[in-house]
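The structure under discussion appears below in the form of structure tokens.
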Amino acid sequence: MIFGDPEGVNVKIPDTNLRRVCRGEHQARGFSMTELLIVTFILMIVSAMAIVQLSPSYQQQEANAAMVMVASQLRQAREMAMAQRRDIQVQFIGNDQIQLTRFNLPAGAGQTVLSTVPIQAPVVFMLNPGTPDTPDGFGNAAPIEFGGIAGGPPTMMFQSDGTFVSGTGVILNGTVFLGMPNVPAATRAVTVLGATGRIRMYKANPTGWIQ
């Protein structure tokens, strides 16, 4: 047993704390720049593949949304004409807008623009080359065709009895074609049967049309 100051005695105490600190620094050093770049590159490739795979699905959704919007505006015009007992004019403005206008009474009291609605972008009024006519057979000479007239007569409107007619009272059957440039699968159509105001929606497929 040694008491006091043990002169000449070399006591070596293991520096366990120092080794623990060094080991911790080694474990916590993180990723190198090269590793981060590789991971980022892989994520970019996976994201690009996902976008390419999902793009047709997004196009279909956009085309469907535009078709529903056009049909909804036409139905709204018919319902307002019947409810308000007023003629409601339908105008297709440019290649992507629908405007509804009410003819006020008495005659000559002017008109009231009720709404101007753009359709779902990037869909526009258009007819892709080779697109067949719909099963209703109302014509396909132009993106908008009513009464056999490209673009339709100057005035087209729903009457209080629900019929769709020209400004001179002629019953109008017609079709509004929708699509995206160079994307035949996104072709859509909305038809109007003038005698009753019935509105139908169609989707293009490789063999023709489906409702």
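With the requirement that a residue be among the polar types (S, T, N, Q) and either buried (at least 17 other Cβ atoms within 10 Å of the Cβ) or touching a strand residue (DSSP E or B) at 6+ places or on another chain (Cβ under 7 Å) (or both), what does the range 141-171 give you?
Kept after step one, since they are among the polar types (S, T, N, Q), are these residues of the range 141-171: 155, 159-160, 163, 166, 168.
Selection gives T155, Q159, T163, S166.
For G94, are the conditions met, namely being among the small types (G, A, S), touching a strand residue (DSSP E or B) at 6+ places or on another chain (Cβ under 9 Å) and exposed (fewer than 12 other Cβ atoms within 10 Å of the Cβ)?
Yes, satisfied.
Among V46, V68, V9, V39, which is among the hydrophobic types (A, V, I, L, M, F, W, C), assigned to a helix (DSSP H, G or I) and at pLDDT below 75?
Residue meeting the stated conditions: V46.
Enumerate the strands (runs of 3 or more DSSP E) found wholly within the range 119-211, keeping only those where 3 or more residues are at negative phi.
Filter on the range 119-211 gives 144-146, 156-158, 164-166, 174-180, 183-193, 198-205.
Could you tell me which numbered condition A185 fails, if it satisfies all but one of (1) touching a strand residue (DSSP E or B) at 6+ places or on another chain (Cβ under 6 Å); (2) in contact (Cβ under 8 Å) with a residue 60 or more places away in the chain?
With (1) touching a strand residue (DSSP E or B) at 6+ places or on another chain (Cβ under 6 Å); (2) in contact (Cβ under 8 Å) with a residue 60 or more places away in the chain applied to A185, the lone miss is (1).
Does R188 meet the test of being closer than 16 Å to N64 by Cα and either in contact with a helix residue (DSSP H, G or I) (Cβ under 7 Å, 6 or more places away or on another chain) or not aliphatic (A, V, I, L, M) (or both)?
Yes.
One residue is enough: does the range 176-190 have a residue meeting the conditions modelled with pLDDT of 95 or more and within 24 Å of Q84 (Cα to Cα)?
Within the range 176-190, not a single residue is modelled with pLDDT of 95 or more and within 24 Å of Q84 (Cα to Cα).
Just the residues that are out of contact with any strand residue (DSSP E or B) (no Cβ under 8 Å at 6 or more places or on another chain), within 24 Å of S72 (Cβ to Cβ) and loosely packed, with under 14 Cβ neighbours inside 10 Å, please, taken from the range 106-136.
Result: A121, single match.
The values are calculated or read from the model by the stated rules, or taken from the named source; none is laboratory data. From a predicted model like this one, the values you see are computed outputs, not experimental measurements. Ideal geometry is used to build each Cβ from the backbone, glycine not excepted, and the neighbour counts take in all protein chains shown.
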